[in-house]
1. Does the range 46-64 contain any residue that is farther than 17 Å from residue 110 by Cα and either part of a loop (DSSP other than H, G, I, E, B) or in contact (Cβ under 8 Å) with a residue 60 or more places away in the chain (or both)?
2. Output the residues belonging to the range 65-79 that are assigned to a helix (DSSP H, G or I) and within 18 Å of residue 97 (Cβ to Cβ).
3. Can you tell me which residue within the range 25-73, out of those that are of a type in the set (Asp, Glu) and modelled with pLDDT under 90, is surrounded by the most Cβ atoms within 10 Å (Cβ to Cβ)?
4. Select from the range 86-100 the residues that are in a helix (DSSP H, G or I) and among the aliphatic types (A, V, I, L, M) and write down the one among them that is surrounded by the fewest Cβ atoms within 10 Å (Cβ to Cβ).
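The values are calculated or read from the model by the stated rules, or taken from the named source; none is laboratory data. All values derive from a computational prediction rather than experimental measurement. Quick reminder, even Gly has a Cβ in these numbers, built from the backbone with ideal geometry, and neighbours come from all protein chains shown.
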Amino acid sequence: MRHLIATALLFVSAYAAQAQHNAADMRNGNDLQEMCARPASGAISEPNLFCSGYIRGIADVTQDEGFIDISTATNGKLMDVVRKYLADHPEHLKGSASNLVVMALMDVFPAKN
């Protein structure tokens, strides 16, 4: 039983270290676009999972602040909106990744008054 717990802790710490590395790499729109790119195989990739969580976290905070309403949006829809925004606005790719997510979501999911 202790071996199982130790193995689980090792796995979790390794995954957390990878996630921290990815978060540190998400500096601008180019990084975001790379992390969120659809895999050619169509399979879900680790960077896509990280991207989904990154976008969802920003979306939740932005909604809590009253700037957007994502109450009916799925994680997949949020990712699609951000991907489209990045593709449509290549001139902004050097900007902050988190700001680009907010701008993309505000365009499609305005706050309800």
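1. Checked the range 46-64: no residue is farther than 17 Å from residue 110 by Cα and either part of a loop (DSSP other than H, G, I, E, B) or in contact (Cβ under 8 Å) with a residue 60 or more places away in the chain (or both).
2. 75, 78, 79
3. The extreme case among them is 25.
4. 87
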